[in-house]
Amino acid sequence: MHLSSGKDIELKPLKLLKEEKHLSKKALIAMDVVTAHTEELECYTCHATWAPQCYGCHVKIDYSGGKSNVDYLKASHDQDIHGTTGGMRDLKKYLIPGKVTETRSFLRWEDPALAQNGEGRITPVIPGCQTTITVIGEDGKALLQNHIFKVKNVEGAGEEGQNALDMSPVQPHTIQKEARNCESCHVSDKALGLGIGSSADWTKTTIVDLMSADRKVLPRKTDEQIPAIPNLKYDYSQFVDENGTQVMTVGHHFKLSQALDKEQRAKLDRRGVCISCHIDIPEGSLGVSAMTHIAEMAEIEIDNKEHKNILNKILNIGANTQIIGGMLIILVFIYLVYTLFIKTKPMNPRNRGWK
């Protein structure tokens, strides 16, 4: 690479690093062995190790008490002969009825969720614009409260509409040499689009006060912490349910953008893998029980490294056993066919055909 400053930088491409065996085992598996990663994912899907995430954009427009707000768009378009805009002169000329304020539900700076971008590749996604509207009339009463608009006939929704809360594909520009680990995607509800685990029911008003065991509020006078959000049946961080149905828009402005489909989620989802083995440990079949007791008697310490070695050994033994077993079955079948139908039938000496 030749920089305009005159500095030359020599780079080593991944192919050369692979040939010189400079890649770690994790890197080699992720970028070379698992070909689906390089064929279907953006590089930054793994190497963007965090992304800013602003969930729930609460916009309030208040027309009560003669409140007003600056129309910054009109002011910016109002230019004089000197090239200065209205925003550089007197903003009072651009006041319009209604004061606009904006807040958000919560922020995160961590691993982003995954979805499909406008080019059909798996990519990080973060909240685009998750607008929830409250409008206060001139008389001080709410005309709309925590209202979420819907977009009809888009992204899996019919006439009832899809929640206009958008998750947007993004290149977070937080690239690091060391990628996010396997578990941060393959055993993560959030990566699948299922959210960060909030169990709150936003369609009901949230009141935090003294409660009985069955969550009945005991005081007669209480304050509402979070008024009900009627259209929000799931958390702001969840854009797909367990069945794969979208519950908000994903990259609405891009044709190919969508939540992960059934096939993509099946490849990604490895949650609960631990249970598949430990359901039979230590008191499973005779063989599992025997191995467990032998390990205890021998005082074998199964740390993380040893655990990985055991799994790798089981994989190879299982694969080889099934292949060899399958070949033996085929050979036995061929032998039986030969013995029963070929070897026992004598040849006709005249035409050497079969009797």
Worksheet entry | Answer from Gly118, Gly98 - the residue that is touching a Pro at 6+ places or on another chain (Cβ under 7 Å) and modelled with pLDDT of 90 or more | Gly118
Worksheet item: In segment 79-102, what residues are surrounded by 12 or more Cβ atoms within 10 Å (Cβ to Cβ), more than 30 Å from Gly140 (Cα to Cα) and of a type in the set (Val, Ile, Thr)?
Response: Thr85
Worksheet item: Can you find a residue in segment 129-140 that is hydroxyl-bearing (Ser, Thr, Tyr), over 15 Å from the mean Cα position of the chain (by Cα) and farther than 28 Å from Glu224 by Cβ?
Response: no
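Among the listed residues Lys67, Lys60, identify the single one that is under 39 Å from the mean Cα position of the chain (by Cα) and among the basic types (Lys, Arg).
Just a single option satisfies the conditions, and that option is Lys60.
Of the residues that sit in segment 301-310 and are loosely packed, with under 10 Cβ neighbours inside 10 Å and of a type outside the set (Asp, Glu), which one is nearest to the chain's Cα centre (by Cα)? Step through it out loud before you land on a result.
Kept after step one, since they are loosely packed, with under 10 Cβ neighbours inside 10 Å, are these residues of segment 301-310: 301, 303-305.
Add one more test, that the residue is of a type outside the set (Asp, Glu), and what stays is 304-305.
Details: Asn304: 26, Lys305: 28 Å.
Within segment 301-310, the match that is nearest to the chain's Cα centre (by Cα) is Asn304.
Suppose the filter is among the acidic types (Asp, Glu), in contact with a helix residue (DSSP H, G or I) (Cβ under 9 Å, 6 or more places away or on another chain) and touching a residue at least 40 places away in the same chain (Cβ under 8 Å); does Asp269 pass it?
Numbers: among the acidic types (Asp, Glu): yes; in contact with a helix residue (DSSP H, G or I) (Cβ under 9 Å, 6 or more places away or on another chain): yes; touching a residue at least 40 places away in the same chain (Cβ under 8 Å): yes.
Against the criterion (among the acidic types (Asp, Glu), in contact with a helix residue (DSSP H, G or I) (Cβ under 9 Å, 6 or more places away or on another chain) and touching a residue at least 40 places away in the same chain (Cβ under 8 Å)), Asp269 qualifies.
Pick out the one residue from Thr174, Thr249 that is under 30 Å from Leu14 (Cα atoms) and either at pLDDT 90 or above or assigned by TED's automatic domain parsing to the domain that holds Thr49 (or both).
Numbers: Thr249 fails: under 30 Å from Leu14 (Cα atoms).
Just a single option satisfies the conditions, and that option is Thr174.
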Discussion item. Can you go through Leu114, Leu107 and tell me which one is touching a Gly at 6+ places or on another chain (Cβ under 8 Å) and either closer than 24 Å to Ile175 by Cα or assigned to a loop (DSSP other than H, G, I, E, B) (or both)?
Written reply: Leu114
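If a residue has to be loosely packed, with under 15 Cβ neighbours inside 10 Å, assigned to a strand (DSSP E or B) and small (Gly, Ala, Ser) to count, how many in segment 123-141 make the cut?
Start the filter on segment 123-141 by keeping residues that are loosely packed, with under 15 Cβ neighbours inside 10 Å, which leaves 129, 137-141.
Next, only the ones that are assigned to a strand (DSSP E or B) stay: 129.
Remaining after also requiring small (Gly, Ala, Ser): none.
Residues in segment 123-141 being loosely packed, with under 15 Cβ neighbours inside 10 Å, assigned to a strand (DSSP E or B) and small (Gly, Ala, Ser): 0 in total.
Here's a check for you: in segment 288-302, which residue that is in a helix (DSSP H, G or I) and not polar (S, T, N, Q) is nearest to Ser276 (Cα to Cα)? Working first, answer last.
As a first pass, look at segment 288-302 and keep what is in a helix (DSSP H, G or I): 288-297.
When the remaining residues are screened for being not polar (S, T, N, Q), the result is 288, 290-291, 293-297.
Numbers: Val288: 13, Ala290: 18, Met291: 17, His293: 20, Ile294: 21, Ala295: 20, Glu296: 21, Met297: 25 Å.
Residue satisfying both the conditions and the ranking: Val288.
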Item to complete: Go through (1) outside the structural domain of Cys182 (by TED's automatic domain parsing); (2) surrounded by 14 or more Cβ atoms within 10 Å (Cβ to Cβ); (3) within 38 Å of the chain's Cα centre (by Cα) one by one and return the number of the condition Leu114 breaks.
Response: (1)
Practice prompt. Tell me which residues, restricted to segment 162-172, are in a loop (DSSP other than H, G, I, E, B) and in contact with a Phe, Trp or Tyr (Cβ under 8 Å, 6 or more places away or on another chain).
Written response: Ala164, Gln171, Pro172
Item to complete: Select from segment 152-197 the residues that are over 23 Å from Thr49 (Cβ atoms) and out of contact with any Lys or Arg (no Cβ under 9 Å at 6 or more places or on another chain) and list them in ascending order.
Response: Lys152, Asn153, Val154, Glu155, Gly156, Leu165, Asp166
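Out of all the residues in segment 256-287, which are part of a helix (DSSP H, G or I) and acidic (Asp, Glu)?
Glu263 - this is the single residue of segment 256-287 that is part of a helix (DSSP H, G or I) and acidic (Asp, Glu).
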Worksheet, complete the sentence: From the option list Leu331, Leu340, Leu336, Leu315, single residue qualifying as in a helix (DSSP H, G or I), of a type in the set (A, V, I, L, M, F, W, C) and modelled with pLDDT under 85 is Leu340
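Looking at Glu301, Glu263, which is the one that is within 30 Å of Ser188 (Cα to Cα) and modelled with pLDDT of 90 or more?
Values: Glu301 fails: modelled with pLDDT of 90 or more.
Just one listed residue meets the conditions, Glu263.
Filter segment 264-296 down to the residues that are acidic (Asp, Glu) and more than 34 Å from the chain's Cα centre (by Cα), then identify the one that is nearest to Arg121 (Cα to Cα).
Ranking the qualifying residues of segment 264-296, first place goes to Glu283.
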Worksheet item: Scanning for something among the hydroxyl-bearing types (Ser, Thr, Tyr) and closer than 30 Å to Ser184 by Cα, does segment 320-334 turn up at least one residue?
Response: no
Response to the item:
Among Val151, Val135, the single one that is in contact (Cβ under 8 Å) with a residue 24 or more places away in the chain, more than 30 Å from Ser257 (Cα to Cα) and of a type outside the set (Asp, Glu) is Val135
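The values are calculated or read from the model by the stated rules, or taken from the named source; none is laboratory data. All figures in this text were calculated on a predicted structure; none of them were measured in a lab. Note: ideal-geometry Cβ built from the backbone for every residue, glycine included; neighbour counts use all protein chains shown.
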